[in-house]
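The values are calculated or read from the model by the stated rules, or taken from the named source; none is laboratory data. Keep in mind that this is a model prediction, so the values were computed, not measured. With ideal geometry, Cβ positions are generated from the backbone for all residues, glycine too; neighbour counts draw on all protein chains shown. Just so you know, the surface numbers come from the protein's heavy atoms only, side chains and all, with ligands and any DNA or RNA stripped out. Shrake-Rupley method; radii C 1.70, N 1.55, O 1.52, S 1.80 Å.
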Amino acid sequence: MNIEGKELSKIYGNGESRVVALDKVNLEITANDFISIIGPSGSGKSTLLHLLSGLDKPTSGSLTYNGKDIYSFTDRELSAFRRQRIGFIFQQFNLLPVLTAKENIIMPLLLDKKQPDDTYLKQLTDLLGISDRLSHLPHELSGGQQQRVAIARALIAQPDIIFADEPTGNLDSKSGSEVIEIMKDIWRKMGKTLVIITHDSAIARMADRQFVIIDGVLREVKQDEILL
Ligand code: ADP
Ligand code: ADP
(Lines give C-alpha, C1' and ligand atoms only; values in the text may rest on other atoms or scores of the structure.)
(Ligands and ions follow the chains in the order given, each with its own letter.)
Protein backbone atom coordinates (compact mmCIF):
# COMPACT_ATOMS: atom_id res chain seq x y z
CA MET A 1 0.00 0.00 0.00
CA ASN A 2 1.45 3.35 -1.03
CA ILE A 3 0.21 6.25 1.03
CA GLU A 4 0.84 9.82 0.11
CA GLY A 5 -0.12 12.75 2.33
CA LYS A 6 0.37 16.17 0.78
CA GLU A 7 0.36 19.48 2.64
CA LEU A 8 -1.89 18.08 5.37
CA SER A 9 -2.94 20.79 7.80
CA LYS A 10 -5.35 20.58 10.69
CA ILE A 11 -6.56 23.66 12.50
CA TYR A 12 -8.80 23.41 15.55
CA GLY A 13 -10.94 26.30 16.78
CA ASN A 14 -10.60 29.90 15.73
CA GLY A 15 -9.73 33.33 17.10
CA GLU A 16 -8.06 33.11 20.52
CA SER A 17 -8.51 29.34 20.66
CA ARG A 18 -7.08 28.62 17.19
CA VAL A 19 -4.59 25.74 17.26
CA VAL A 20 -2.53 24.63 14.27
CA ALA A 21 -2.25 20.96 15.20
CA LEU A 22 -0.64 19.97 11.88
CA ASP A 23 1.23 22.32 9.62
CA LYS A 24 1.52 21.26 5.94
CA VAL A 25 2.68 17.73 6.58
CA ASN A 26 4.09 15.81 3.62
CA LEU A 27 4.54 12.08 4.03
CA GLU A 28 5.09 9.22 1.62
CA ILE A 29 4.76 5.70 2.92
CA THR A 30 5.54 2.77 0.66
CA ALA A 31 4.53 -0.86 1.09
CA ASN A 32 6.78 -2.63 3.61
CA ASP A 33 7.88 0.56 5.34
CA PHE A 34 8.33 0.38 9.10
CA ILE A 35 7.97 3.95 10.29
CA SER A 36 8.11 5.57 13.70
CA ILE A 37 6.81 9.01 14.55
CA ILE A 38 8.07 10.51 17.79
CA GLY A 39 7.12 13.78 19.40
CA PRO A 40 6.22 15.33 22.75
CA SER A 41 2.68 15.50 24.10
CA GLY A 42 0.54 17.96 22.13
CA SER A 43 2.82 17.88 19.07
CA GLY A 44 0.11 16.52 16.75
CA LYS A 45 0.74 12.74 16.77
CA SER A 46 -2.85 11.68 17.42
CA THR A 47 -4.15 14.22 14.94
CA LEU A 48 -1.80 12.88 12.26
CA LEU A 49 -2.79 9.28 13.00
CA HIS A 50 -6.48 10.20 12.77
CA LEU A 51 -5.92 11.87 9.39
CA LEU A 52 -3.76 9.06 7.98
CA SER A 53 -6.29 6.41 8.97
CA GLY A 54 -9.28 8.37 7.71
CA LEU A 55 -10.83 8.81 11.17
CA ASP A 56 -10.80 12.55 10.66
CA LYS A 57 -10.37 14.97 7.75
CA PRO A 58 -7.77 17.71 7.40
CA THR A 59 -8.51 21.42 7.15
CA SER A 60 -6.54 21.31 3.89
CA GLY A 61 -4.33 18.90 2.01
CA SER A 62 -4.82 15.49 0.43
CA LEU A 63 -4.25 11.85 1.22
CA THR A 64 -4.15 8.96 -1.24
CA TYR A 65 -3.91 5.20 -0.76
CA ASN A 66 -2.54 3.62 -3.95
CA GLY A 67 -3.55 6.80 -5.76
CA LYS A 68 -7.13 6.86 -4.38
CA ASP A 69 -8.26 9.93 -2.48
CA ILE A 70 -9.74 8.40 0.68
CA TYR A 71 -11.30 11.67 1.85
CA SER A 72 -13.61 11.47 -1.17
CA PHE A 73 -15.02 8.13 0.03
CA THR A 74 -18.50 8.06 1.53
CA ASP A 75 -18.65 7.24 5.26
CA ARG A 76 -19.74 3.73 4.38
CA GLU A 77 -16.88 3.19 1.91
CA LEU A 78 -14.42 4.66 4.37
CA SER A 79 -15.46 2.41 7.25
CA ALA A 80 -15.34 -0.67 5.00
CA PHE A 81 -11.91 0.43 3.79
CA ARG A 82 -10.68 0.86 7.36
CA ARG A 83 -12.05 -2.51 8.46
CA GLN A 84 -10.48 -4.38 5.56
CA ARG A 85 -7.21 -2.57 4.97
CA ILE A 86 -6.12 -1.02 8.26
CA GLY A 87 -5.24 -2.61 11.59
CA PHE A 88 -5.11 -0.56 14.79
CA ILE A 89 -3.13 -1.17 17.96
CA PHE A 90 -3.64 1.08 20.97
CA GLN A 91 -1.93 1.86 24.23
CA GLN A 92 -4.91 0.47 26.14
CA PHE A 93 -5.15 -3.03 24.75
CA ASN A 94 -8.95 -2.62 24.43
CA LEU A 95 -9.63 -6.32 24.86
CA LEU A 96 -13.12 -7.37 25.84
CA PRO A 97 -12.72 -8.75 29.40
CA VAL A 98 -15.40 -11.48 29.16
CA LEU A 99 -14.04 -12.99 25.93
CA THR A 100 -11.11 -15.39 25.65
CA ALA A 101 -7.95 -14.39 23.82
CA LYS A 102 -9.08 -16.31 20.73
CA GLU A 103 -12.56 -14.77 20.78
CA ASN A 104 -11.00 -11.31 21.06
CA ILE A 105 -8.68 -12.04 18.13
CA ILE A 106 -11.40 -13.22 15.75
CA MET A 107 -13.99 -10.61 16.79
CA PRO A 108 -13.26 -8.24 13.85
CA LEU A 109 -13.98 -11.08 11.41
CA LEU A 110 -17.21 -12.06 13.16
CA LEU A 111 -18.36 -8.44 13.03
CA ASP A 112 -17.77 -8.60 9.28
CA LYS A 113 -19.62 -11.97 9.09
CA LYS A 114 -16.46 -13.79 8.08
CA GLN A 115 -14.93 -17.00 9.40
CA PRO A 116 -11.33 -17.11 10.58
CA ASP A 117 -8.79 -18.99 8.49
CA ASP A 118 -7.43 -21.49 11.03
CA THR A 119 -4.07 -21.87 9.29
CA TYR A 120 -3.50 -18.13 9.37
CA LEU A 121 -4.71 -17.88 12.97
CA LYS A 122 -2.24 -20.58 13.97
CA GLN A 123 0.63 -18.97 12.06
CA LEU A 124 -0.12 -15.59 13.61
CA THR A 125 -0.47 -16.78 17.20
CA ASP A 126 2.65 -18.97 16.83
CA LEU A 127 4.63 -15.95 15.65
CA LEU A 128 3.31 -13.98 18.60
CA GLY A 129 4.01 -16.80 21.05
CA ILE A 130 0.44 -16.89 22.39
CA SER A 131 -0.84 -20.18 20.86
CA ASP A 132 -1.04 -21.77 24.30
CA ARG A 133 -2.93 -18.84 25.78
CA LEU A 134 -5.91 -18.73 23.42
CA SER A 135 -8.47 -19.98 25.91
CA HIS A 136 -7.38 -17.52 28.61
CA LEU A 137 -9.30 -14.42 29.60
CA PRO A 138 -7.42 -11.10 29.32
CA HIS A 139 -7.00 -10.74 33.11
CA GLU A 140 -5.21 -14.10 33.14
CA LEU A 141 -2.53 -12.71 30.81
CA SER A 142 0.43 -10.40 31.42
CA GLY A 143 0.42 -6.91 29.86
CA GLY A 144 2.83 -8.04 27.15
CA GLN A 145 0.64 -11.06 26.34
CA GLN A 146 -2.48 -8.89 26.23
CA GLN A 147 -0.78 -6.58 23.76
CA ARG A 148 0.18 -9.60 21.62
CA VAL A 149 -3.47 -10.65 21.58
CA ALA A 150 -4.35 -7.11 20.49
CA ILE A 151 -1.71 -7.35 17.74
CA ALA A 152 -3.20 -10.65 16.53
CA ARG A 153 -6.63 -8.98 16.52
CA ALA A 154 -5.24 -6.10 14.45
CA LEU A 155 -3.77 -8.57 11.94
CA ILE A 156 -6.54 -11.16 11.70
CA ALA A 157 -8.32 -9.50 8.77
CA GLN A 158 -4.96 -9.38 6.95
CA PRO A 159 -4.81 -5.58 6.58
CA ASP A 160 -2.12 -3.91 4.46
CA ILE A 161 -1.16 -1.36 7.07
CA ILE A 162 -0.99 -1.26 10.85
CA PHE A 163 -1.17 1.94 12.86
CA ALA A 164 0.07 1.54 16.42
CA ASP A 165 -0.61 4.43 18.81
CA GLU A 166 1.81 4.23 21.79
CA PRO A 167 1.66 0.41 21.69
CA THR A 168 4.23 0.09 24.47
CA GLY A 169 2.82 2.88 26.66
CA ASN A 170 1.43 0.44 29.22
CA LEU A 171 4.37 -1.97 29.21
CA ASP A 172 7.68 -1.97 31.05
CA SER A 173 10.64 -1.29 28.78
CA LYS A 174 11.62 -4.96 28.45
CA SER A 175 8.19 -6.24 27.36
CA GLY A 176 7.80 -3.06 25.30
CA SER A 177 10.88 -3.80 23.21
CA GLU A 178 9.87 -7.47 22.95
CA VAL A 179 6.49 -6.49 21.56
CA ILE A 180 8.13 -4.19 18.99
CA GLU A 181 10.65 -6.91 18.04
CA ILE A 182 7.76 -9.28 17.42
CA MET A 183 5.89 -6.69 15.37
CA LYS A 184 9.04 -6.10 13.35
CA ASP A 185 9.46 -9.82 12.76
CA ILE A 186 5.85 -10.23 11.64
CA TRP A 187 6.14 -7.17 9.49
CA ARG A 188 9.20 -8.68 7.75
CA LYS A 189 7.54 -12.06 7.24
CA MET A 190 4.20 -10.74 6.06
CA GLY A 191 5.26 -7.65 4.18
CA LYS A 192 3.01 -5.18 5.99
CA THR A 193 3.35 -1.46 6.41
CA LEU A 194 3.79 -0.51 10.05
CA VAL A 195 3.45 2.98 11.50
CA ILE A 196 4.25 3.39 15.20
CA ILE A 197 3.54 6.52 17.18
CA THR A 198 5.57 6.82 20.33
CA HIS A 199 7.26 9.21 22.70
CA ASP A 200 9.88 6.58 23.59
CA SER A 201 13.11 7.17 21.65
CA ALA A 202 14.33 3.58 22.18
CA ILE A 203 11.18 2.32 20.45
CA ALA A 204 11.39 4.97 17.72
CA ARG A 205 14.94 3.91 16.87
CA MET A 206 13.80 0.35 16.14
CA ALA A 207 12.00 1.54 12.99
CA ASP A 208 13.57 1.72 9.53
CA ARG A 209 12.37 5.25 8.85
CA GLN A 210 12.04 7.75 11.64
CA PHE A 211 10.11 10.97 11.86
CA VAL A 212 10.00 13.66 14.50
CA ILE A 213 6.95 15.88 14.96
CA ILE A 214 7.15 19.14 16.88
CA ASP A 215 4.38 21.73 16.98
CA GLY A 216 2.63 20.06 14.05
CA VAL A 217 5.70 20.08 11.81
CA LEU A 218 6.84 16.63 10.64
CA ARG A 219 10.41 15.94 9.64
CA GLU A 220 12.19 12.71 8.64
CA VAL A 221 15.42 12.21 10.56
CA LYS A 222 18.42 9.92 10.52
CA GLN A 223 18.73 7.20 13.16
CA ASP A 224 21.16 9.08 15.41
CA GLU A 225 19.25 12.35 15.25
CA ILE A 226 16.60 11.19 17.71
CA LEU A 227 17.67 12.73 20.99
CA LEU A 228 14.34 13.38 22.67
P1 ADP B 1 -0.35 14.50 20.59
O2 ADP B 1 -1.07 13.27 20.12
O3 ADP B 1 1.04 14.60 20.03
O4 ADP B 1 -0.37 14.64 22.07
P5 ADP B 1 -2.60 15.96 19.48
O6 ADP B 1 -2.67 15.61 18.04
O7 ADP B 1 -3.55 15.26 20.40
O8 ADP B 1 -1.09 15.77 19.98
O9 ADP B 1 -2.80 17.52 19.65
C10 ADP B 1 -2.12 18.50 18.88
C11 ADP B 1 -2.61 19.88 19.29
O12 ADP B 1 -3.97 20.02 18.86
C13 ADP B 1 -2.61 20.11 20.78
O14 ADP B 1 -2.32 21.48 20.98
C15 ADP B 1 -4.04 19.79 21.19
O16 ADP B 1 -4.39 20.49 22.36
C17 ADP B 1 -4.83 20.26 19.98
N18 ADP B 1 -6.06 19.47 19.78
C19 ADP B 1 -6.15 18.14 19.55
N20 ADP B 1 -7.42 17.76 19.37
C21 ADP B 1 -8.17 18.89 19.50
C22 ADP B 1 -9.56 19.16 19.42
N23 ADP B 1 -10.45 18.21 19.16
N24 ADP B 1 -9.94 20.45 19.60
C25 ADP B 1 -9.06 21.42 19.84
N26 ADP B 1 -7.73 21.23 19.92
C27 ADP B 1 -7.29 20.00 19.76
P1 ADP C 1 -3.56 11.61 25.13
O2 ADP C 1 -2.91 12.64 26.01
O3 ADP C 1 -4.19 10.46 25.87
O4 ADP C 1 -2.71 11.22 23.95
P5 ADP C 1 -4.90 13.27 23.22
O6 ADP C 1 -4.07 14.47 23.39
O7 ADP C 1 -4.67 12.42 22.04
O8 ADP C 1 -4.84 12.34 24.52
O9 ADP C 1 -6.42 13.70 23.26
C10 ADP C 1 -7.48 12.78 23.53
C11 ADP C 1 -8.73 13.29 22.83
O12 ADP C 1 -9.05 14.62 23.25
C13 ADP C 1 -8.52 13.33 21.33
O14 ADP C 1 -9.62 12.67 20.70
C15 ADP C 1 -8.50 14.79 20.96
O16 ADP C 1 -9.28 15.03 19.80
C17 ADP C 1 -9.13 15.48 22.15
N18 ADP C 1 -8.39 16.71 22.49
C19 ADP C 1 -7.06 16.83 22.69
N20 ADP C 1 -6.73 18.10 22.96
C21 ADP C 1 -7.89 18.79 22.95
C22 ADP C 1 -8.22 20.16 23.16
N23 ADP C 1 -7.31 21.08 23.42
N24 ADP C 1 -9.52 20.52 23.07
C25 ADP C 1 -10.45 19.59 22.79
N26 ADP C 1 -10.20 18.30 22.57
C27 ADP C 1 -8.94 17.92 22.65
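Points to keep in mind about this one:
- Using 0.36 nm per residue and subtracting the Cα-Cα separation, the extra length available between Glu77 and Asp56 on full extension is 6.1 nm.
- Computed accessible area, Phe211, all protein chains, 1.4 angstrom probe, square angstrom: 10
- Lys102 contributes about 80 Å² of solvent-accessible surface, heavy atoms of the protein only, 1.4 Å probe.
- When the listed pairs Lys10/Lys45; Lys68/Lys189; Lys114/Lys189; Lys122/Lys184 are checked against a 20 Å cut-off, the alpha-carbon distance exceeds it for Lys68/Lys189; Lys114/Lys189.
- Under 15 Å from a label point set 7 Å out along the Cα-to-Cβ vector of Arg219, no amide N atom of segment 52-90 is found.
- Accessible surface comparison of Tyr65, Tyr12, probe 1.4 Å, protein chains only, largest first: the order is Tyr12, Tyr65.
- Placing dummy labels 7 Å off each Cα toward the beta-carbon, the span from Ser9 to Ala31 is 3.4 nm.
- Most mobile of Gly15, Gly191, Gly87 in a GNM of the chain (Cα contacts under 10 Å): Gly15
- Taking 0.36 nm per residue of separation and subtracting the current Cα-Cα distance, fully stretching the chain between Lys113 and Gln91 would add 5.2 nm.
- Database remark: amide H of Val217 closer than 5 angstrom to the amide H of Asp23 (H placed geometrically; neighbours at sequence offset of 5 or more, or on other chains; Pro and chain starts carry no H).
- Gyration tensor verdict on segment 119-228 (Cα atoms; rounded if a/c is under 1.5, prolate if a/b is larger than b/c, oblate otherwise): prolate
- In sequence order, calculated HN-Hα J values of segment 101-111 (Karplus, 6.51, -1.76, 1.60; Hz; x Gly/Pro): 4, 4, 4, 4, 5, 8, 3, x, 5, 4, 5
- Between 0 and 90 degrees, the angle of helix 173-190 with respect to the longest Cα principal axis of the chain falls at about 90 degrees.
- Its residue count N sets the reference 2.2 N^0.38 Å, and the alpha-carbon radius of gyration of the chain equals 1.02 times that reference.
- Crossing angle, helix 118-128 versus the chain [Cα axis fit, 0-90 degrees, rounded to tens]: 70
- Segment 67-116: C-alpha gyration tensor shape, a/c 1.5 cut-off, then a/b vs b/c: prolate
- Here is the list for segment 7-38: trypsin sites (Lys or Arg not before Pro) lying in DSSP coil, each with at most 14 other C-beta atoms within 10 angstrom of its C-beta, are Arg18.
- Degrees, to the nearest 10: 143-155 long Cα axis against longest axis of the chain: 80
- A cut-off of 5 Å between modelled amide H atoms, ignoring neighbours fewer than 5 places along the same chain, links Ile162 with Gly87, Thr193, Leu194, Val195.
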